[in-house]
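The values are calculated or read from the model by the stated rules, or taken from the named source; none is laboratory data. Computed from a prediction, not measured in an experiment: that's the story for all the values here. Here the Cβ positions follow ideal geometry from the backbone for every residue, glycine too, while neighbour counts run over all protein chains shown. Please note that ligands, DNA and RNA were not included when accessible areas were found on the heavy atoms of the full protein model with its side chains. Shrake-Rupley method; radii C 1.70, N 1.55, O 1.52, S 1.80 Å.
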Amino acid sequence: MRDLEGKVAFVTGAASGIGLGIARALAHAGVKVMLCDIEEQALETARAGLAAGNADVAAVRADVSLRAELEAAARATIERFGKVHILVNNAGVGGGGDYGSWTQAGWEWTLGVNLWSVIWGIEIFGPLIEAHGEGGQIVSTASIAGLAGGVNPSYNVTKYGVVALSEGLRPTLAEKGIGVSVLCPGLIRTRIMDSTRNLPERFGQVEAMTEGAADNAAIEMIRAGVAMGIDPDYVGELVREGIEEDWAYILTDTDFEPAIDERFANIKAHFDKIRGRVPPRGAG
Ligand SMILES: NC(=O)c1ccc[n+]([C@@H]2O[C@H](COP(=O)([O-])OP(=O)(O)OC[C@H]3O[C@@H](n4cnc5c(N)ncnc54)[C@H](O)[C@@H]3O)[C@@H](O)[C@H]2O)c1
């Protein structure tokens, strides 16, 4: 999407962190932004801050792990702005816990916010973007943990899902004039390690990413890395650039590139174990 001026974006998880950075960068580029978040006070603070800079923004509270609330937020966006061109599925939680501390509620919370909301976002907003024929862009926030998993596999499951969904939809939606990008941030200075602040009551008590981890030292390294992490406004500007140039992957830094190389080298080494064998195929 080359010309962002006057376009409309819907951004989830827009009250803080990366989502707010994206909303700010889009607003600076002249995009009208509907901010969506579960955290009402932070959402209003974000809306007022952007509006004070003359941005055309509005806010809608929704728990994106509930499809009906996401649908209501989409209706509110169309009512306010008439149409929508850019969907940013960014809301996410560092939930799930590790082996030994898994609970059904923990999985449902993490899958609901990090993956189901992305699936529903595309189902709900895809046809709204198609409807006006002006094209658009869908950006979904995965993580480097969606390209090379490590500790906290339940979180990584959701992020691999977001990567798979984005990669799989890209050719299909390109034919309809809709670009698809997946944002895979490294360590960004946000409140992600404090995700249980937004745990919906219906899930009861669940494990945070930091609890029950098999490798607590690694989790502590992530916590320290996030505290010293990249400025979310920098990530927002990268996302704006990725939308303008229709990048398939929006990466924030090269810190974890060796981990991805290592993963692919490991997969390749396992191809080598069976290379040259002739598997029996076909009817029989
Ligand atoms: N911070 C990092 O280092 C990092 C790295 C890789 C990926 N990510 C991903 O970036 C995205 C944004 O996270 P962040 O780091 O900015 O953290 P953050 O906690 O600062 O922001 C997340 C936002 O999502 C909102 N949210 C949480 N649950 C919600 C729900 N049920 N409905 C609606 N909104 C909800 C929160 O209120 C918050 O405003 C997430 O998808 C996260 O997994 C973050």
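3J(HN,Hα) along segment 35-46: 8, 10, 6, 7, 8, 4, 5, 4, 5, 5, 4, 5 Hz, from the Karplus curve 6.51 cos²θ - 1.76 cosθ + 1.60 with θ = phi - 60°, whole Hz, x for Gly and Pro.
Applying the Karplus relation 6.51 cos²θ - 1.76 cosθ + 1.60 with θ = phi - 60° to segment 11-25 yields 3J(HN,Hα) values of 10, 8, x, 8, 7, 7, x, 5, x, 5, x, 5, 4, 5, 5 Hz, where x marks Gly and Pro.
Toward the positive end of the charge dipole of the chain, with +1 on the Cβ of Lys and Arg and -1 on the Cβ of Asp and Glu, the farthest Cα among 171, 91, 117 is that of 171.
Amide H contacts under 5 Å for residue 62: 37, 38, restricted to partners 5 or more places along the chain or on a different chain, H placed in the peptide plane at 1.01 Å from N.
Panel note: the C-alpha atoms of segment 171-271, placed on their principal axes, show extents of 44, 40, 29 Å (largest first). Rounded to the nearest 20, the Cβ-based charge dipole of the chain about its Cα centre (Lys and Arg +1, Asp and Glu -1) stands at 660 debye. Sorting 65-72, 103-110 by average packing, meaning the other beta carbons within 10 Å per residue, from highest down gives 103-110, 65-72. Across segment 224-230, computed HN-Hα scalar couplings (Karplus, 6.51 cos²θ - 1.76 cosθ + 1.60, θ = phi - 60°) run 5, x, 5, 4, 9, x, 5 Hz from first to last residue, x flagging Gly and Pro.
Of the heavy-atom accessible surface of segment 8-256 (probe 1.4 angstrom), what whole percent is carbon and sulfur?
Details: 5440 of 10110 Å².
The nonpolar share, carbon plus sulfur, comes to 54 percent.
Counting only lysines at least 8 places from residue 268 when in the same chain, there are none with an alpha carbon closer than 21 Å to its own.
Dividing the alpha-carbon radius of gyration of segment 8-256 by the rule-of-thumb value 2.2 N^0.38 Å gives 0.94. Entry comment: accessible area of segment 57-115 is 37 Å² per residue, from protein heavy atoms only and a probe of 1.4 Å.
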